[in-house]
Amino acid sequence: MSKPGRAATLPVAFFRRDAATVARELLGQILLSGDAGRRTTGRIVETEAYLGTPDPASHAFGRRRHAGNMSIYLAPGTWYVYRSYGIHWCANLVAGQAGEGAAVLLRALEPLEGLPVMRRRRGTRGDRLLCAGPGRLCEAMGLTRALDGLPMRDSSVRILAAERVPAAGVLRTPRIGITRAADWPLRFLVGESPWASGPRHRNK
């Protein structure tokens with residue numbers, strides 16, 4: 001398992017594109033959390049795109065606004081973190097243009113650095129499921145609602161540039177864990193990665 005060296009934080013321009021493109025291009029990039037001085041990193045191996053106001057599965061569908069989702073309408077590259085089913089946090093990055101409500105959900109990582117910290121946070125010794133799924137990912141990396149609304153580049157949790165995953169190595173499938181627009185092929189994963197969550201289907 002290779003560890004990231006010195007790498008630049010992704011620019012805001014990276015996120016100023018449609019959510020599906022951003023979701024696909026995030027594969028292979030490195031998530032770095034420096035929470036309380038505890039460095040943990042992981043390679044992004046699974047994402048999902050949510051297209052904003054026209055997407056029935058998006059928190060911005062129909063331009064809904066409430067105290068819990070205001071960050072999804074902010075500038076691209078902003079963190080949007082929400083509580084799922086009242087149990088665990090889910091971390092997203094806003095994509096497209098401000099006001100569109102589009103975002104990319106981080107679904108799974110390949111753990112790279114700080115595994116002892118991740119294990120303590122998750123209360124487990126097994127590594128296969130440390131960051132497999134958005135809730136586990138947030139718990140392992142120490143991501144909470146405190147991140148919500150912060151520009152990624154100015155926060156303690158950043159995405160570092162790394163080698164892009166070749167097209168041949170990417171699977172595109174329907175999104176999972178939702179009931180609306182569940183057939184839209186907006187889930188992206190590194191096809192051969194053992195760290196991804198959920199089922200694998202053929203490209204759509």
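Looking across the stretch 171-192, the residues that are at pLDDT below 95 and over 22 Å from Ala102 (Cβ atoms) come down to Gly191, Glu192.
For the criterion of being part of a helix (DSSP H, G or I), out of contact with any Pro (no Cβ under 9 Å at 6 or more places or on another chain) and not basic (Lys, Arg), Ile72 passes.
Of everything in the stretch 180-192 that is touching a residue at least 60 places away in the same chain (Cβ under 8 Å) and over 16 Å from the mean Cα position of the chain (by Cα), the residue that is surrounded by the most Cβ atoms within 10 Å (Cβ to Cβ) is Trp184.
If you scan the stretch 46-57, which residues turn out to be among the hydroxyl-bearing types (Ser, Thr, Tyr) and buried (at least 24 other Cβ atoms within 10 Å of the Cβ)?
Looking only at the stretch 46-57, we keep the residues that are among the hydroxyl-bearing types (Ser, Thr, Tyr), and these are 47, 50, 53.
Of everything in the stretch 46-57, those that are among the hydroxyl-bearing types (Ser, Thr, Tyr) and buried (at least 24 other Cβ atoms within 10 Å of the Cβ) turn out to be Thr47, Tyr50.
Tell me, which residue of the stretch 112-135 that is part of a helix (DSSP H, G or I) and either aliphatic (A, V, I, L, M) or free of Cβ contacts under 8 Å to residues at least 24 places away in the same chain (or both) is surrounded by the fewest Cβ atoms within 10 Å (Cβ to Cβ)? Step by step, filter the stretch 112-135, then rank; the result is Pro116.
Note on the stretch 138-179: residues that are among the acidic types (Asp, Glu) and under 25 Å from Leu115 (Cβ atoms) amount to 2.
Might you let me know whether the stretch 9-32 holds any residue that is in contact with a His (Cβ under 8 Å, 6 or more places away or on another chain), assigned to a loop (DSSP other than H, G, I, E, B) and surrounded by 14 or more Cβ atoms within 10 Å (Cβ to Cβ)? Spell out the reasoning first.
Step one: filter the stretch 9-32 for residues in contact with a His (Cβ under 8 Å, 6 or more places away or on another chain), giving none.
Checked the stretch 9-32: no residue is in contact with a His (Cβ under 8 Å, 6 or more places away or on another chain), assigned to a loop (DSSP other than H, G, I, E, B) and surrounded by 14 or more Cβ atoms within 10 Å (Cβ to Cβ).
Whether a residue is surrounded by fewer than 23 Cβ atoms within 10 Å (Cβ to Cβ) and either of a type in the set (D, E, K, R) or touching a strand residue (DSSP E or B) at 6+ places or on another chain (Cβ under 6 Å) (or both) was assessed, and Ser84 passes this test. Residues in the stretch 147-168 that are farther than 25 Å from Gly191 by Cβ and in contact (Cβ under 8 Å) with a residue 40 or more places away in the chain: 11 in all.
The values are calculated or read from the model by the stated rules, or taken from the named source; none is laboratory data. The shown structure was predicted, so the numbers you read here are calculated from the model rather than taken from an experiment. Note that we place each Cβ from the backbone using ideal geometry, even for glycine, and neighbour counts take in every protein chain shown.
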